[in-house]
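Notes to accompany the following structure.
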Amino acid sequence: MDLVPVELYYEEFGQGVPVILLHGFPLNHTIWMPVVERLQSHVRVITPDLRGHGKSPATDGDYSMRLMAEDIHALMNRLDIPKAVLVGHSMAGYASLAFARAYPGRLAGLAMVASQAEADTPEKRQARYITAEEVGRKGVRRVAKSMLPKLTPRKELAADLLEIMLKTPKKGVVGALKGMGERPDALEWLTEIEVPVVVIAGEQDVIIPLERARTMAQMLRRGWLVEIPEAAHMPMLEAPQTVADAIRQLVDLAEV
């Protein structure tokens, strides 16, 4: 597997323990701003755009979660960060698990936000490939519009989220869809993660069932679950204070 990292675009706020906030598909770093505002006086916050998203390079081919982990690793090296707390939303949670397996010594703590450890079912994987082909032919708008109601029921968030998704390059959407479809099941090695892990789940999430978050939290050696009744798949926008509090609790336990 060819794991050549790209130079990710990022923004940085505050000082202290490095906390890297990683966005989901097909979004960008700006979704984290309400949480950044609540964290930046306590920790050093880094908000990258993942490969093919936002202002980061969009390369050809499939974006495996291991490849995305390599990009994060390269960013940490560029910023001279020996260890960081990773906060992975949805797809970025998958990439963060790949990072945890590849570079356990570089991980100080992990937050899985609206994410899971299971691989796709064969049906879900096939649906991703079909969507990727459709995006390749017709562009990003259709996937963005179909995904929008699944992200959050909050109407006031819809316009901004749609705008973010429509800015995501076609190449990035296709590469990420294929990479997510190919990701391995991580359940079997969750117990190998030795750092503290908080699992943050919205009770209204229709993309990641709450049961999967509960299963993951139970299987982790040092895991705990934060369920947010008023949140769906975008808890950083729907309940930013609760998410920021959970991250601060994780930082207090982190092994920096």
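The values are calculated or read from the model by the stated rules, or taken from the named source; none is laboratory data. The structure displayed is predicted, hence computed values, not measured ones. Every residue, glycine among them, receives a Cβ derived from its backbone with ideal geometry; neighbour counts consider all protein chains shown.
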- Item | Residues within the stretch 55-103 that are assigned to a helix (DSSP H, G or I), within 19 Å of Arg44 (Cβ to Cβ), within 13 Å of the chain's Cα centre (by Cα) and of a type in the set (Gly, Ala, Ser), tallied | 2
- Task: Can you work out which of the residues in the stretch 37-54 that are closer than 22 Å to Glu255 by Cβ and among the β-branched types (Val, Ile, Thr) is farthest from the chain's Cα centre (by Cα)?
- Result: Val43
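Residues Met180, Met112, Met147: which one is in contact with a Ser or Thr (Cβ under 8 Å, 6 or more places away or on another chain), of a type outside the set (D, E, K, R) and touching a residue at least 40 places away in the same chain (Cβ under 8 Å)? First the steps, then the outcome.
Details: Met180 fails: in contact with a Ser or Thr (Cβ under 8 Å, 6 or more places away or on another chain); Met147 fails: in contact with a Ser or Thr (Cβ under 8 Å, 6 or more places away or on another chain).
The unique qualifying residue is Met112.
Tell me the residue from Ala92, Ala102, Ala74 that is more than 21 Å from Glu11 (Cβ to Cβ) and of a type in the set (Gly, Ala, Ser), please. First the steps, then the outcome.
Numbers: Ala92 fails: more than 21 Å from Glu11 (Cβ to Cβ); Ala74 fails: more than 21 Å from Glu11 (Cβ to Cβ).
None of the others qualify; the one that does is Ala102.
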- Please determine, by comparing only the residues of the stretch 175-204 that are of a type in the set (Val, Ile, Thr) and more than 17 Å from the chain's Cα centre (by Cα), which one is farthest from Ala254 (Cα to Cα). Thr191
- Unique match (being surrounded by 13 or more Cβ atoms within 10 Å (Cβ to Cβ) and either farther than 16 Å from Leu237 by Cα or among the hydrophobic types (A, V, I, L, M, F, W, C) (or both)) among Ile130, Ile200: Ile200
- Item | Failed item, numbered, when Arg38 is tested on (1) assigned to a loop (DSSP other than H, G, I, E, B); (2) of a type in the set (Lys, Arg); (3) in contact with a helix residue (DSSP H, G or I) (Cβ under 8 Å, 6 or more places away or on another chain) | (1)
- Message: Here's a check for you: in the stretch 87-122, which residue that is more than 18 Å from Gln218 (Cα to Cα) and of a type in the set (D, E, K, R) is modelled with the lowest pLDDT?
- Response: Asp120
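Which residue, of Asp71, Asp120, is over 26 Å from Asp245 (Cβ atoms), surrounded by 15 or more Cβ atoms within 10 Å (Cβ to Cβ), in contact with a strand residue (DSSP E or B) (Cβ under 9 Å, 6 or more places away or on another chain) and not aromatic (Phe, Trp, Tyr)? Step through it out loud before you land on a result.
Numbers: Asp120 fails: in contact with a strand residue (DSSP E or B) (Cβ under 9 Å, 6 or more places away or on another chain).
Only one candidate qualifies: Asp71.
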- Query: Pick from Asp2, Asp49: which is within 27 Å of Leu161 (Cβ to Cβ) and charged (D, E, K, R)?
  - Reply: Asp49
- Query: Restricting attention to the stretch 203-226, and to residues there that are over 25 Å from Ala102 (Cβ atoms) and of a type outside the set (A, V, I, L, M, F, W, C), which single residue is surrounded by the fewest Cβ atoms within 10 Å (Cβ to Cβ)?
  - Reply: Glu211
- Among the residues of the stretch 1-60, which ones are surrounded by fewer than 23 Cβ atoms within 10 Å (Cβ to Cβ) and among the small types (Gly, Ala, Ser)? Gly14, Gly16, Ser41, Ser56, Ala58
- Task: Report yes if Asp160 is more than 18 Å from the chain's Cα centre (by Cα), surrounded by fewer than 17 Cβ atoms within 10 Å (Cβ to Cβ) and closer than 30 Å to Glu230 by Cα, otherwise no.
- Result: yes
